[in-house]
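Have a look at the structure below, then the notes.
The values are calculated or read from the model by the stated rules, or taken from the named source; none is laboratory data. Every value quoted in this text rests on a predicted model; they were computed, and no experiment measured them. Here the Cβ positions follow ideal geometry from the backbone for every residue, glycine too, while neighbour counts run over all protein chains shown. These accessible areas exclude ligands, DNA and RNA; they are computed on the full protein's heavy atoms, side chains included. Shrake-Rupley method; radii C 1.70, N 1.55, O 1.52, S 1.80 Å.
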Amino acid sequence: MFSPFPLFRRRVAVPFACALALVPAGQALASGYGLFTQGASAFGQAATVTAHTTGPSTLFYNPALLTTLDGTRVEAGMTVLAFDRRFQSQGDGDIHEMRDETKMPASLYLSHRVTDDLAAGIGLFFPFGLASDWPEQWEGRFLATQTEMTTYTLNPALAWRPVPRLSVAAGLDLALFDATLRRQIDLAPLGLAGIEGSQEFSGDDTGLGWNLGLALQLTDRLDFGLSWRSEIDLSVDGRARFSGVPGNAAALFPATGGRADLSLPEQLSLGLAWQPIEELVVEIGAHWEGWSAFEELRIGLDQPVAGAGEDLVARDWDDTWSYSIGGRYALSDRVALLAGYKYGNTPVPDSTFEPAIPDADTHLWTVGADLQFGATTVSLSYGFQHYTDRIKANAVGVDPLHGGLTEANAANGLYQSEIHLVALSLGCQF
């Protein structure tokens, strides 16, 4: 008679790992799950603004550019993200669509010119995030049904211009992470055929990092920008809860705490902006993220669940680059048009791809406008993000040796994703 303990060790620890894996990963613009919708004007240029300023939100993209902003400025923004995700089963060909999901991350920035050569700023934004909500009876319900992760970051920064054409900056990143993951548990290996339990994991932590920026005016019409953010170490503490497990089997699933050490990735952005005429600025950019440090995840549980106290989950993620072009054209003193394109590759290899993190190579097209009303700026942008088709054909979720998930419910098949994004920002100068 086989023991169910190894099976449930995998079934409990893997989703716990998935939730923790979301920390370095959000959707929209960056590889993994990084969010770059931090200002509507920047977003309208596909976030290609490392070498030219877009207002106080430039603190996120390159804090060295704060020295180009006069007076005291405030910028508040919000982005509406509408997801469209589908899965077609490799087994029976059935199509499962994710439930309609709309998220609205917001941001707030303040900048102040202290002297001619010194500026300060502070920002509150959401650099990482994820949301997925699959039907409770879909094929991959034993891997994930609902996932939500948010990372809030408070970032004060100081910028200094030591010589006329050069500015440098430094800042701190205080990150607060929060995540929730839900899934179903197949109880058939315990002799409870046709009965499913439910699991919910929630966890949080705070971490501290730092960031640097550089802005260099190469000529009167050509500017270079560089921005770097450090890795942020996290020790995520969470709690797993179980429901719907009947009879004596419930004793195998106590509510318990768990923890894992991991990091938000190091990031580097480069940009070169060209202003061929007074009304037009065009920038090309590249962005690197150090996901290769995420090789594995070791999870420790305070109490054994189905006989297991810890587990090791392979990730084997890769470093990524994304490339973009964006521009701004001033029709008049009051109206400017925005446009951009970005391509990014995914850090998630085929061997560890799974539906809780359905990432893929991505294309983003954006358009927008800046409207000036005296000291007030209103920016509105739209973006369409298309993820290339991704096929899951791996053993994630399959544990035949111990009677675990089979090919029939491991959610192997075709994954397709698209996102519609609308960003709105309001800025004021005092």
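Listed values, structure above:
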| item | result |
| --- | --- |
| Cα lying deepest toward the dipole's positive end in the chain, options 374, 79, 56, charges on Cβ | 374 |
| Stretch gain in nm, segment residue 280-residue 222, where the contour uses 0.36 nm per residue and the Cα spacing is subtracted | 19.7 nm |
| Net charge dipole size for the chain [Lys, Arg +1 and Asp, Glu -1 on Cβ; Debye, nearest 20] | 500 debye |
| Inter-label distance, nm, simple model (7 Å from Cα along the C-beta direction), residue 176/residue 124 | 0.8 nm |
| Percent accessible area from carbon and sulfur atoms, the chain, protein chains only, probe 1.4 Å | 59 percent |
| Whole-Hz ³J(HN,Hα) from phi, Karplus 6.51 cos²θ - 1.76 cosθ + 1.60, for region 73-84, glycine and proline x | 9, 10, 9, 10, x, 8, 10, 9, 10, 10, 9, 9 |
| Net charge, residue 65 excluded, C-beta distance under 11 Å - Lys, Arg +1, Asp, Glu -1 | 0 |
| Trypsin sites (Lys or Arg not before Pro) lying in DSSP loop within region 304-388, provided at most 15 other Cβ fall within 10 Å | 334 |
| Local net charge near residue 44, Cβ-Cβ under 13 Å (Lys/Arg +1, Asp/Glu -1) | 0 |
| Estimated FRET transfer efficiency when R0 is 51 angstrom, pair residue 430-residue 248 (beta carbons, to 0.05) | 0.15 |
| For region 83-177, convex hull volume per residue from C-alpha positions, Å³ | 139 Å³ |
| Two-site label geometry, residue 395 and residue 303: point separation in nm, points 7 Å out along Cα→Cβ | 3.3 nm |
| Area of residue 350 that stays accessible when all protein chains are in place (1.4 Å probe, Å², to 10) | 100 Å² |
| Length added when fully stretched, residue 330-residue 367, from 0.36 nm per residue minus Cα-Cα | 11.9 nm |
| Point-charge dipole on Cβ atoms (K/R +1, D/E -1) for region 60-158, about Cα centre, debye to 20 | 320 debye |
| Cα lying deepest toward the dipole's positive end in the chain, options 281, 330, 211, charges on Cβ | 330 |
| Estimated 222 nm signal from helices in the chain, with DSSP H stretches of n ≥ 4 weighted -39500 (n - 2.57), rounded to 500 | -1500 deg cm²/dmol |
| Mean Cβ count within 10 Å, highest first, over the residues of peptides 64-71, 298-305 | 64-71, 298-305 |
| Total formal charge among the other residues, if their Cβ is under 11 angstrom from that of residue 230, Lys/Arg +1 and Asp/Glu -1 | -3 |
| Given charges at Cβ of Lys, Arg, Asp, Glu: the chain dipole, positive-most of 270, 360, 347 | 270 |
| Distance between modelled label sites at residue 208 and residue 239, nm, 7 Å Cα→Cβ extension | 2.7 nm |
| Solvent-accessible area per residue for region 323-372 (1.4 angstrom probe, square angstrom) | 41 Å² |
